[in-house]
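Q: Shown below is the structure under consideration.
The values are calculated or read from the model by the stated rules, or taken from the named source; none is laboratory data. Note that the structure is a prediction, hence the values are computed from the model and not measured. Here the Cβ positions follow ideal geometry from the backbone for every residue, glycine too, while neighbour counts run over all protein chains shown. In case anyone asks, the SASA skips ligands and DNA or RNA and just uses the protein heavy atoms, side chains included. Shrake-Rupley method; radii C 1.70, N 1.55, O 1.52, S 1.80 Å.
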Amino acid sequence: MHTRSVTTASTVLSSIFFTLQLVSLACSCFLYFTSDTSSTQREVITRLYHKDLWRHLRRSNSLSTHSLIAVGVQTGLVPLTVCLLVGITKRRRFLMLPWLTVWGLGLVAGIVGAVLCVIKIPGMY
């Protein structure tokens, strides 16, 4: 009885994660297709980037490049999440391993990247 409740909870939480992942993928696709309009550039660039970079980012296509990178990363993570869901529901542990590996390494890389940003770019913000 205990393993069934753990499986149910894991399936529900993984399904919620998968839904959020699909929503963020759709939003990144929407941002990619609307990144050329001036209103989108004004709203996104002024909120995400430092004031010194606004003129450069509006003239270049950096916003579409960043959103395309986000779409690529999220598209690569969707099959891993599907494997996680199948692994939980079918009780196949080897299908959960790719998701755990990628997200574990991604967590470490995100922490290292945040520390490097603070160390290497202290004067910008």
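Q: I want to confirm something. Restricting to region 63-107 and keeping residues that are of a type in the set (V, I, T) and either under 29 Å from T46 (Cα atoms) or touching a Pro at 6+ places or on another chain (Cβ under 9 Å) (or both), which single residue is most open to solvent (accessible area, probe 1.4 Å)?
A: Filtering region 63-107 for residues that are of a type in the set (V, I, T) and either under 29 Å from T46 (Cα atoms) or touching a Pro at 6+ places or on another chain (Cβ under 9 Å) (or both), the one most open to solvent (accessible area, probe 1.4 Å) comes out as I69.
Q: For region 22-40, give me each residue that is in contact with a Leu (Cβ under 6 Å, 6 or more places away or on another chain) and either part of a helix (DSSP H, G or I) or exposed (fewer than 11 other Cβ atoms within 10 Å of the Cβ) (or both).
A: Y32
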